[in-house]
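These notes concern the structure reproduced below.
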Amino acid sequence: MIGELLEARAGEEYELYARTINPRFTRVLKTIGFDRAWTRAEGQYLYDANGDRFLDLLGGFGMFNVGRNNPRVRAALVEALELETPGSVQLGVSLLPGLLAEALLTRTPDRLARVLFTSSGTEAVEAALKLGRAATGRSRVLSTVHGFHGLTLGALSANGGRHFVERFGPLLPGFSQVPFDDLDALERELRSEDVALFLLEPVQGHGVYLPPAGYLEGAQALCRRYGTLFAVDEVQTGFGRTGKLFAFEHWGLEPDLVTVAKSLSGGYVPVGALLMAQSVYEGVFDSLEHSVSHGSTFAPNDLAMAAGLATLRELDDAGLVERASRLGRLLFERTEPLVELHDVVREVRGLGLMWAMEFAEPESGSLSWRVLERMQTGLFAQLVVVPLFTRHHILSQVAGHDLPVLKGLPPLVLSEQDIDDFAAALDDVIAKAGRPARIAGMALRAARAR
């Protein structure tokens, strides 16, 4: 049925999406030349209707750590369907949720003792906020400037990106933000001993900002001192992305709360989870009456659980965590020299296969650059993203609104040749994009589009 329907309506993707869902999004895609008709995907590659292959460095915003359409995860889903398991009884439990929870907890510090499943990363963050307040009896929540934790109202209240929050107030009360690198500012907030939890990404996804040496360890110690829960958002950094199964392992952290999602199911079905300390569990689910204080109807469904188990096994069997560490070093080695080769490249940074390149006005000065960036900060990065896609068949992204940063979150299955091809394409595109005439042309097109 689905195959026949797709075949019968092939070619209608953008018209149908514009007519029924979001016409302005399809207009953006057409404006930048990203309106391809995709026909299939495998591993780190996408294929369009012309049969052209594209290297996917966007990775569904980090969903496809084990590769698109991973056959072993797909086989687990087919098997679960064929078994006709009695999942989602609601007033009862099935085996698969417990198996996935066990598999997650065996891979984390002993401090984490319970799992609550959700359907997405922002749901996991909402659960952390809600349960953290109940467990501590405190109402305040701290997060960091530039942090991204989702777009539902609670998560948005913790979001440190102005562009995401400015039109949706008033947000929830009791939320404050501190800089990502300032322990003194954090301690000033914690001293009042009314902060339920401090929520942060170990590596900030919005720009791929790494923490200064000692910051995360110091933040955890301050939270312990003042009775605040230390909550680490691993929605984007988890499951091998940074060269460790969880990014917090790089710093030897033992959080009280950890949110995960995105690649947990291999990108097949929505799934997320909140991993929590026993003390958090006991502070919320503290009686039979409170045994169902939080949940989500579809969250622990058997298909999501089967996909999660298969994904964890694939990460182990294929050595993808170690692969991300090794290929991340290679990616840095191949792209870091572009800082010296091109005046517009300020910095290359990242951890594992979470990678970014930041651009800046050339030291010699550029009127065209200043005109372009005055219209909207970050437009130069779009000058790189578009030709990478149209000329070199590489899908990437600008790291965030108002950021002159190119970002990569490729599937962990990419090859050394993919990295070499990307580095060569990047060198070519930046050299051409940095020409004054090209920047001026972009500024003119941006002005007409406003």
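The values are calculated or read from the model by the stated rules, or taken from the named source; none is laboratory data. This structure is a prediction, so every number in the text was calculated from the model and none was measured. Positions of Cβ are backbone-derived with ideal geometry, glycine not excepted, and every protein chain shown enters the neighbour counts.
Worth pointing out:
- Just one of the listed residues (V66, V78, V73) is in a loop (DSSP other than H, G, I, E, B) and within 21 Å of P270 (Cα to Cα), namely V66.
Here's the yes/no breakdown for (1) surrounded by 11 or more Cβ atoms within 10 Å (Cβ to Cβ); (2) in a loop (DSSP other than H, G, I, E, B); (3) in the same structural domain as A424 (by TED's automatic domain parsing):
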{"site": "E4", "(1), (2), (3)": "no, no, no"}
{"site": "V28", "(1), (2), (3)": "yes, no, yes"}
{"site": "G33", "(1), (2), (3)": "yes, yes, yes"}
{"site": "T39", "(1), (2), (3)": "yes, no, yes"}
{"site": "E42", "(1), (2), (3)": "yes, no, yes"}
{"site": "N50", "(1), (2), (3)": "no, yes, yes"}
{"site": "F54", "(1), (2), (3)": "yes, no, yes"}
{"site": "G60", "(1), (2), (3)": "yes, no, yes"}
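- Summed over region 266-318, residues that are in a helix (DSSP H, G or I), surrounded by fewer than 23 Cβ atoms within 10 Å (Cβ to Cβ) and aliphatic (A, V, I, L, M) total 4.
- Residues in region 249-265 that are in a loop (DSSP other than H, G, I, E, B), acidic (D, E) and surrounded by fewer than 24 Cβ atoms within 10 Å (Cβ to Cβ): E254 only.
- Within region 157-177, the set of residues being part of a loop (DSSP other than H, G, I, E, B), out of contact with any helix residue (DSSP H, G or I) (no Cβ under 8 Å at 6 or more places or on another chain) and loosely packed, with under 14 Cβ neighbours inside 10 Å comprises E166, R167, G169, P170, P173.
- Matching residues in region 398-419 - criterion: being outside any loop (DSSP other than H, G, I, E, B), of a type outside the set (V, I, T) and either surrounded by fewer than 24 Cβ atoms within 10 Å (Cβ to Cβ) or in contact (Cβ under 8 Å) with a residue 60 or more places away in the chain (or both): K407, G408, E416, Q417, D418
- Here E82 fulfils each of the conditions (1) among the acidic types (D, E); (2) farther than 26 Å from F246 by Cα; (3) within 17 Å of the chain's Cα centre (by Cα) apart from (3).
- Of the residues T259, T297, the single one that is touching a residue at least 60 places away in the same chain (Cβ under 8 Å) and out of contact with any helix residue (DSSP H, G or I) (no Cβ under 8 Å at 6 or more places or on another chain) is T297.
- Here the condition is being of a type in the set (S, T, Y) and touching a helix residue (DSSP H, G or I) at 6+ places or on another chain (Cβ under 8 Å); of T85, T106, it holds for T85 alone.
Each row is one residue, and each column tells you yes or no for (1) among the aliphatic types (A, V, I, L, M); (2) over 23 Å from the mean Cα position of the chain (by Cα); (3) under 17 Å from K262 (Cβ atoms).
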residue: S287; (1), (2), (3): no, yes, no
residue: H290; (1), (2), (3): no, yes, no
residue: G308; (1), (2), (3): no, no, yes
residue: R313; (1), (2), (3): no, no, no
residue: D316; (1), (2), (3): no, no, no
residue: S325; (1), (2), (3): no, no, no
residue: F332; (1), (2), (3): no, no, no
residue: H342; (1), (2), (3): no, yes, no
residue: E347; (1), (2), (3): no, no, no
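- On inspection, F246 fails the criterion of being of a type in the set (F, W, Y) and farther than 27 Å from M63 by Cα.
- Cβ-Cβ under 6 Å pairs, at least 6 apart or on other chains, region 76-98 side assigned by TED's automatic domain parsing to the domain that holds L275, far side assigned to a loop (DSSP other than H, G, I, E, B) and of a type outside the set (S, T, Y): G87/N301; S88/N301; S94/G87; P97/P300
- Verdict on R225 being charged (D, E, K, R), in a helix (DSSP H, G or I) and out of contact with any His (no Cβ under 6 Å at 6 or more places or on another chain): yes
- First in region 19-35 and within 19 Å of R53 (Cα to Cα), second anywhere and surrounded by 12 or more Cβ atoms within 10 Å (Cβ to Cβ) and among the β-branched types (V, I, T), Cβ under 6 Å, 6 or more apart: I32/V386; G33/T390
- Residues of region 11-21 that are under 23 Å from G267 (Cα atoms) and surrounded by 11 or more Cβ atoms within 10 Å (Cβ to Cβ): E13, Y14, Y17.
- The set of residues in region 215-235 being in contact (Cβ under 8 Å) with a residue 24 or more places away in the chain and out of contact with any Ser or Thr (no Cβ under 9 Å at 6 or more places or on another chain) consists of Y215, L216, E217, G218, A219, Q220, C223, R225, F230.
- Residues (surrounded by 20 or more Cβ atoms within 10 Å (Cβ to Cβ) and either of a type outside the set (A, V, I, L, M, F, W, C) or assigned to a helix (DSSP H, G or I) (or both)) located in region 178-198: L186, L190
- Selection within region 123-156 - surrounded by 24 or more Cβ atoms within 10 Å (Cβ to Cβ), under 16 Å from the mean Cα position of the chain (by Cα), of a type outside the set (D, E, K, R) and farther than 17 Å from Q177 by Cβ: A124
- The residues on offer are G121, G174, G147, and the sole one that is farther than 22 Å from T297 by Cβ and out of contact with any Leu (no Cβ under 7 Å at 6 or more places or on another chain) is G174.
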